[in-house]
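The values are calculated or read from the model by the stated rules, or taken from the named source; none is laboratory data. Everything numeric here is computed off the predicted structure, so don't read it as measured data. So basically every Cβ, Gly included, is an ideal-geometry build from the backbone, and we count neighbours across all protein chains shown.
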Amino acid sequence: MRRDYPTILDLVGGTPIVRFQRINEGLEPLLLAKLDQLNPGGSVKDRIGLAMIEAAEREGRLEPGGTIVEPTSGNTGVGLAIAAALKGYRCIFVMPDKVAPEKIALLRAYGAEVIVCPTNVEPSSPESYYSVSNRLAEEVAGAYKPDQYSNPANPEAHYETTGPEIWEQTGGDVDAIVFSVGTGGTISGTARYLKERKPDLHVVGADPEGSIYSSETVHTYLVEGIGEDFWPTTFDPSLVDEYVTVTDRDSFLTARRVSRQEGILVGGSGGTSIWAMLQVARRYGPEATILTLIPDSGRGYLSKLYDDNWLAQHGIREQPGRAPTIEEVLVFKRAEETEVPELVLIESGEKVSHAIELMQRYGISQIPVVRHEPAESLADVIGSVRERGLLDRLFGNHDTLNEEVAATMEPPLPAVELHETVEAVYSDLSGGSSAVVVAQEGRPVGVLTRADLLEYLAHQQGGPNGG
């Protein structure tokens with residue numbers, strides 16, 4: 001009798017749970033992780049890819065030979081593409097340009113067409129990957145857009161599979177779950193199922209710094225696939241008891257640490273949820289069980305968070321011990337340059353010739369321009385004069401010396417708070433800016449240059465003058 005073997009779609013779900021053994025050092029609770037990167041397509045999104053297609057088929061919204069159009073950071077696209085491959089659908093995926101190139105190549109390997117759009121635009125912009133996918137869904141004949149951000153099959157898939165799996169695998173013995181939040185489908189469907197059986201379950205949303213869910217100011221961030229700049233209808237925020245906001249640095253370095261200490265290669269979103277879980281675990285005793293879900297593998301990020309050069313380009317370094325603060329660098333600078341004032345400024349009404357005289361006197365190459373002295377806040381800093389810019393102006397027009405600084409100034413230097421670490425300014429100083437303004441509680445107190453930071457780091461690491 002011939003055996004009844006499964007198809008690849010039959011293998012979606014049923015992922016195992018493991019316990020952490022090393023990263024939980026010093027913490028008392030039992031810490032668990034559900035490994036959803038072990039789904040056939042490598043992520044938790046396999047669950048919703050299949051569910052959304054099957055729901056559309058039942059509802060008659062996706063006809064045989066149709067085209068699936070979806071905005072995705074990669075993983076949902078893979079889940080859809082796997083199901084589409086077996087079911088005979090064409091796929092067009094629209095992605096933000098911050099995604100790892102491995103993800104684009106992977107989708108194309110499944111036969112999908114990929115369109116890449118800019119990340120740093122408003123969701124309503126015609127260039128956003130949301131808008132482009134909407135336009136394609138209208139223009140392509142036979143197109144169906146699952147739209148994971150509004151499709152009820154998204155959270156329902158987790159209510160029907162992820163939640164019951166966790167309940168069965170743990171025997172209901174779980175006190176808190178910590179999930180990263182993207183569309184909100186995973187945490188909403190899972191939490192709804194579990195809270196129906198255990199109302200006192202504590203549900204924590206792990207959210208990137210800059211995401212609308214937990215940040216006062218919404219801005220771009222590097223971690224992929226989680227966080228949002230709008231509220232998807234697939235997310236039920238009433239099910240989340242608290243949020244933990246996680247920086248890119250903590251997400252990426254935690255992911256690398258888990259890979260090295262636990263042998264589990266996780267992506268940035270997994271690093272986000274694990275870092276948040278470690279913070280939550282500090283509040284619990286040895287009788288508690290806390291569970292997180294790892295959405296995808298680190299294989300899709302080998303050119304990003306697992307690449308030391310990529311991290312360094314974004315100001316993230318794995319350094320032993322505590323990273324030095326801006327204040328420590330300034331203290332070192334002032335000890336070395338006793339003849340230079342702590343902060344050299346110039347008012348916008350002064351002559352360019354005076355700015356050049358200040359540069360020569362103190363051996364500096366840029367000066368912040370202020371409305372008036374003393375500058376009481378960063379709002380008083382309205383521009384900057386820089387050696388290179390003045391040279392270009394003077395070379396073409398000798399009368400520049402008699403012009404007011406306001407007529408020749410460039411945009412203000414980037415600003416950083418005194419008590420932040422040097423990682424906060426590394427990307428600025430290694431990129432286009434040669435200096436930053438240092439502020440203390442919003443008031444300018446100094447200027448830190450690329451040369452200052454270089455000299456400090458060389459001293460700390462035993463360079464020519466470091467002993």
> Is the range 77-86 home to any residue that is surrounded by fewer than 19 Cβ atoms within 10 Å (Cβ to Cβ) and modelled with pLDDT under 95?
Replying inline: yes
>> So, in the range 219-249, exactly how many residues are more than 12 Å from the chain's Cα centre (by Cα), β-branched (Val, Ile, Thr) and in a loop (DSSP other than H, G, I, E, B)?
In response: 3
>> Among the numbered criteria (1) under 24 Å from the mean Cα position of the chain (by Cα); (2) in a helix (DSSP H, G or I); (3) of a type in the set (Val, Ile, Thr), which one does Val178 miss?
In response: (2)
>> So if I check each of Val78, Val99, Val114, which one is outside the structural domain of Asp307 (by TED's automatic domain parsing) and in a loop (DSSP other than H, G, I, E, B)?
In response: Val99
>> Criterion first (in the same structural domain as Glu70 (by TED's automatic domain parsing), touching a helix residue (DSSP H, G or I) at 6+ places or on another chain (Cβ under 6 Å) and surrounded by fewer than 16 Cβ atoms within 10 Å (Cβ to Cβ)) does Pro123 satisfy it?
In response: yes
> Taking the condition touching a helix residue (DSSP H, G or I) at 6+ places or on another chain (Cβ under 6 Å) and modelled with pLDDT under 95, does Lys103 pass?
Replying inline: yes
>> Quick check on my filter: what residues within the range 102-111 are charged (D, E, K, R) and either outside any helix (DSSP H, G or I) or more than 14 Å from Ser73 (Cβ to Cβ) (or both)?
In response: Arg108
>> Scan the range 45-64 and tell me whether some residue there is small (Gly, Ala, Ser), assigned to a loop (DSSP other than H, G, I, E, B), farther than 22 Å from Val174 by Cα and without any contact (Cβ under 8 Å) to a residue 40 or more places away in the chain.
In response: yes
> Within the bounds of the range 263-278, is there any residue that is part of a loop (DSSP other than H, G, I, E, B), surrounded by fewer than 24 Cβ atoms within 10 Å (Cβ to Cβ) and touching a residue at least 12 places away in the same chain (Cβ under 8 Å)?
Replying inline: yes
> Which of the residues spanning the range 398-435 are in contact with a Pro (Cβ under 7 Å, 6 or more places away or on another chain) and over 18 Å from Pro374 (Cα atoms)?
Replying inline: Thr421, Val422, Asp428, Ser433
> Of all residues in the range 280-314, which are touching a helix residue (DSSP H, G or I) at 6+ places or on another chain (Cβ under 7 Å) and surrounded by fewer than 13 Cβ atoms within 10 Å (Cβ to Cβ)?
Replying inline: Ser303
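Listed here are the residues, each with its yes/no results for (1) surrounded by fewer than 14 Cβ atoms within 10 Å (Cβ to Cβ); (2) among the hydrophobic types (A, V, I, L, M, F, W, C); (3) under 23 Å from Glu455 (Cβ atoms).
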| residue | (1), (2), (3) |
| --- | --- |
| Phe332 | no, yes, yes |
| Glu336 | yes, no, yes |
| Val344 | no, yes, yes |
| Lys351 | no, no, no |
| Val369 | no, yes, no |
> Would you say Asp428 is in contact with a helix residue (DSSP H, G or I) (Cβ under 8 Å, 6 or more places away or on another chain) and buried (at least 17 other Cβ atoms within 10 Å of the Cβ)?
Replying inline: no
>> Would you confirm whether or not the range 92-101 contains a residue that is more than 21 Å from the chain's Cα centre (by Cα), closer than 21 Å to Tyr129 by Cβ, surrounded by fewer than 23 Cβ atoms within 10 Å (Cβ to Cβ) and not basic (Lys, Arg)?
In response: yes
> Which residues, counting only those in the range 1-41, are in a helix (DSSP H, G or I), out of contact with any strand residue (DSSP E or B) (no Cβ under 9 Å at 6 or more places or on another chain) and of a type in the set (A, V, I, L, M, F, W, C)?
Replying inline: Ile8, Leu9, Leu11
> Can you name the residue in the range 206-224 that is in contact with a strand residue (DSSP E or B) (Cβ under 7 Å, 6 or more places away or on another chain) and buried (at least 19 other Cβ atoms within 10 Å of the Cβ) and is also nearest to Phe252 (Cα to Cα) among such residues?
Replying inline: Val223
>> I'm told Arg299 meets every condition in (1) assigned by TED's automatic domain parsing to the domain that holds Glu441; (2) closer than 30 Å to Pro101 by Cβ except one. Can you identify the failing condition by its number?
In response: (1)
>> Please go through (1) in a loop (DSSP other than H, G, I, E, B); (2) crowded, with 18+ Cβ neighbours inside 10 Å; (3) touching a residue at least 24 places away in the same chain (Cβ under 8 Å) for Val447 and return the number of the only condition it doesn't satisfy.
In response: (1)
> Out of the range 119-169, which residues are farther than 20 Å from Leu62 by Cα, acidic (Asp, Glu) and not in a helix (DSSP H, G or I)?
Replying inline: Glu122, Glu127
